[in-house]
């Protein structure tokens with residue numbers, strides 16, 4: 001393979017992270033603006049299923065307009081609530097709809113936290129799980145999910161619970177690694193929550209990728225569990241800005257009250273389309289499974305080659321569309337990501353934004369032709385970068 005023409009003029013040692021953004025969202029915006037021609041290997045969902053979406057919208061909004069187009073302001077779109085109740089096998093009073101998962105995180109935190117409270121948050125993690133609480137003057141304490149398996153040591157977690165600990169926050173599938181928590185861990189967390197009177201918030205935005213191995217939402221394990229999800233990751237429908245919270249009625253009550261007082265962001269149009277999507281969820285699930293059946297084996301083969309070549313280490317997850325390998329011989333992955341974009345037209349997400357320098361998050365539910373070529377350029381670039389003394393450990 002020929003080296004990209006710009007490689008000779010760009011030494012890794014000449015790049016700087018001085019202008020690094022403060023959050024992952026800021027990094028994504030900066031990365032997309034700086035390298036618009038780069039293949040995005042950090043995109044962490046299937047592509048938007050435009051044909052399916054177009055067909056649903058065309059049918060629903062031709063005259064007469066579907067009755068799914070109704071107010072979502074008071075109790076959420078009733079058709080969406082009913083569809084979520086069916087999908088996750090919970091009563092309708094266990095469901096609260098929101099404007100995407102990030103809004104749901106904020107609502108849950110404002111319902112349960114006040115300045116001076118203490119929460120335990122997994123790391124590596126999606127940064128908003130911590131920064132949302134820190135902005136409220138809540139004390140955030142990390143608990144480690146250690147590579148390679150990213151398990152949770154519930155006994156170790158128990159030792160960090162304080163009288164003012166209100167929430168334990170984690171993700172399943174784990175973001176950024178894609179690891180699936182075993183049922184034994186979920187049951188142990190349920191016992192822990194009951195014993196100490198804390199709530200456990202589970203970000204499930206990737207959970208449906210493991211629907212063949214994961215019997216149900218985490219809320220079925222305990223009335224102390226709060227599950228957050230959206231259409232963004234499972235179907236690639238970020239354009240709808242539709243999310244939800246699942247919890248028992250008692251646990252959901254303060255969240256519902258907080259949403260009623262502060263959440264004015266729901267769109268009747270978006271939530272109507274979301275209801276229509278959820279009523280036809282078998283089509284969208286089939287789309288996701290088809291994409292993953294094509295892309296997961298390609299990613300697994302590439303990853304196996306990278307491991308064999310001594311470029312990365314870590315597990316290839318069985319489920320989901322993301323993985324989080326450690327790059328051998330590289331510690332500054334912000335620097336590496338910038339260099340790869342400029343020299344090989346490939347962007348990966350630096351582990352620094354998830355609390356794990358030296359790792360990168362890769363999303364692989366993408367077009368096979370472009371993704372396969374990007375994998376080849378990634379391996380070539382990592383070989384070259386690792387051989388540069390200024391960039392090695």
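The values are calculated or read from the model by the stated rules, or taken from the named source; none is laboratory data. These numbers were taken from a predicted model, which means no experiment stands behind them. Note: ideal-geometry Cβ built from the backbone for every residue, glycine included; neighbour counts use all protein chains shown.
Taking segment 175-197, which residues are part of a loop (DSSP other than H, G, I, E, B) and either touching a helix residue (DSSP H, G or I) at 6+ places or on another chain (Cβ under 6 Å) or surrounded by 19 or more Cβ atoms within 10 Å (Cβ to Cβ) (or both)? Break it down into steps so the answer makes sense when it comes.
Filtering segment 175-197 for residues part of a loop (DSSP other than H, G, I, E, B) gives 175-182, 197.
Across segment 175-197, the qualifying residues are 175, 176, 177, 178, 179, 180, 181.
For residue 319, the conditions (1) modelled with pLDDT of 95 or more; (2) in a loop (DSSP other than H, G, I, E, B); (3) over 30 Å from residue 83 (Cα atoms) are fulfilled apart from (3).
Condition check ((1) modelled with pLDDT of 95 or more; (2) in contact with a strand residue (DSSP E or B) (Cβ under 7 Å, 6 or more places away or on another chain); (3) surrounded by 18 or more Cβ atoms within 10 Å (Cβ to Cβ); (4) not assigned by TED's automatic domain parsing to the domain that holds residue 183) across all residues:
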site	(1), (2), (3), (4)
107	yes, yes, yes, no
111	yes, no, yes, no
118	yes, yes, yes, no
130	yes, yes, yes, no
135	yes, no, no, no
142	yes, yes, no, no
150	yes, no, yes, no
153	yes, no, no, no
164	yes, yes, no, no
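Of all residues in segment 305-320, those satisfying the criterion of being surrounded by fewer than 14 Cβ atoms within 10 Å (Cβ to Cβ) and without any contact (Cβ under 8 Å) to a residue 40 or more places away in the chain are 308, 310.
When you check residue 293 against the structure, is it closer than 23 Å to residue 208 by Cβ, surrounded by fewer than 20 Cβ atoms within 10 Å (Cβ to Cβ) and without any contact (Cβ under 8 Å) to a residue 12 or more places away in the chain, yes or no? So residue 293 passes the test. Does residue 293 fit the bill of being within 19 Å of residue 176 (Cα to Cα), at pLDDT 95 or above and under 25 Å from the mean Cα position of the chain (by Cα)? No: the conditions fail for residue 293.
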